[in-house]
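Q: One structure coming up, written as structure tokens, with questions to follow.
The values are calculated or read from the model by the stated rules, or taken from the named source; none is laboratory data. Note that the coordinates shown come from a computational prediction; the quantities given were computed from them, not determined experimentally. Methodologically, a virtual Cβ is constructed for each residue, glycine included, from the backbone with ideal geometry; neighbour enumeration extends over all protein chains shown.
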Amino acid sequence: MKTMSFQASLAAALMLAATWLASPVSAQTQSPPAPAQSVAQPAPAGPTPMAPGASAPATQEPSVSTPAAPTAPPAATVSTTAKPDAAAVAPAMKELSPWVMFMSADVIVKAVMIGLAFASLMTWTVFIAKSIELSVASTKLRSALKKIAEARSLAEAQMALGTKQGILPSFLTAALREARMSAGLSSDAGIKERAASSFSEIVRAEQRRIRIGMGVLATIGSTSPFVGLFGTVWGIMNSFIGISKSQTTNLAVVAPGIAEALLATAIGLVAAIPAVIIYNHFSRVTKGYLELVSRASGAAGRLLSRDLDRSHGSVHSRAAE
């Protein structure tokens, strides 16, 4: 009996010892799956019994760290994808210089710009040509008026001027021709009236000649802003069409087209403002020159009047003798 009780006690002790030894191992094997459930897939509702000597839990630890590793690549991929976008935007920001805008403009806007540039070239050409012409004409006329200031007759005035061509010799020639054609007529008033009519025709012809080019300046000054505005409207219209096609309202997309359109208005103003200023300048200078022409007409008329009075005086003196 004592032997059987001893054996039973020994068996119970061995079972308790086995139970005590097996409880830490099962605790170790069942504790790791809890983090895996939050990272990977959810675990089943009931825990699965595992053998105490199983080595499967040891192989599950790499699977716990592997889900965290793929978290870094998405950040890298985001940064790499962001860099090409910035690189794609950078080339689109081109330099908007006047020449680049002109070359990138629409055909009609280019034609407007070229026409306005040609108009500006014509403005400065007329300015240089008319400046030289008015300066030379005014200098010659002043010199001619000084030469005939002491002349007593039309013949002396012609001798003082010689064979030079100009507005004053034209007045003297017209006066002499009228006096010759009216020889034998006793009415001096009629001769002077006919001579004044000839002088008026010469003055009007000189006015038309000296105003050549002024109409071009007036036309350029009055129409260039509107021509440039037409180019601007056309360019902005194309920009809005580009917005509708690109389906974006980004300012970088429409800014080049608007800048090209505004360049047409700028060129129009560059052509119009100098044309208006030069036209006003030539209006004053031309008015001064025409005053000199009137002085020359008056000088020729006075010389004709002296010749007529002198001829009538000589006739009266002969009749008295």
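Q: Regarding the stretch 99-114, can at least one residue be identified that is over 30 Å from Ile220 (Cβ atoms), aliphatic (A, V, I, L, M) and either at pLDDT below 90 or in a loop (DSSP other than H, G, I, E, B) (or both)?
A: no
Q: In the stretch 195-217, how many are assigned to a helix (DSSP H, G or I), loosely packed, with under 14 Cβ neighbours inside 10 Å and either in contact (Cβ under 8 Å) with a residue 60 or more places away in the chain or over 26 Å from the mean Cα position of the chain (by Cα) (or both)?
A: 8
Q: While we're here: Residues Ser198, Ser182: which one is at pLDDT below 90 and either touching a Lys or Arg at 6+ places or on another chain (Cβ under 6 Å) or of a type in the set (S, T, N, Q) (or both)?
A: Ser182
Q: Please pick out the residue among Ile277, Ile267, Ile273 that is surrounded by 14 or more Cβ atoms within 10 Å (Cβ to Cβ) and touching a helix residue (DSSP H, G or I) at 6+ places or on another chain (Cβ under 6 Å).
A: Result of the check over Ile277, Ile267, Ile273: Ile267.
Q: Do the conditions hold for Gly235, that is, is it at pLDDT 80 or above, on the phi < 0 side of the Ramachandran plot and surrounded by 16 or more Cβ atoms within 10 Å (Cβ to Cβ)?
A: Yes, satisfied.
Q: Also: Return yes when Arg142 is assigned to a helix (DSSP H, G or I) and over 18 Å from Leu269 (Cα atoms) and no when it is not.
A: Yes: the conditions hold for Arg142.
Q: If the requirement is being more than 18 Å from Ile114 (Cβ to Cβ) and either in contact (Cβ under 8 Å) with a residue 60 or more places away in the chain or touching a Ser or Thr at 6+ places or on another chain (Cβ under 6 Å) (or both), which of these qualifies: Arg295, Arg302, Arg284?
A: Arg295
Q: Please name all residue pairs, on different chains or six or more residues apart, with Cβ atoms under 7 Å, provided the first residue is in the stretch 227-243 and is closer than 13 Å to Val112 by Cβ and the second residue is of a type in the set (D, E, K, R) and assigned to a helix (DSSP H, G or I).
A: Gly235/Glu260
Q: Oh, and also: If I go through the stretch 162-179 residue by residue, how many of them are out of contact with any Ser or Thr (no Cβ under 9 Å at 6 or more places or on another chain), modelled with pLDDT of 85 or more and surrounded by fewer than 18 Cβ atoms within 10 Å (Cβ to Cβ)?
A: Number of matching residues: 2.
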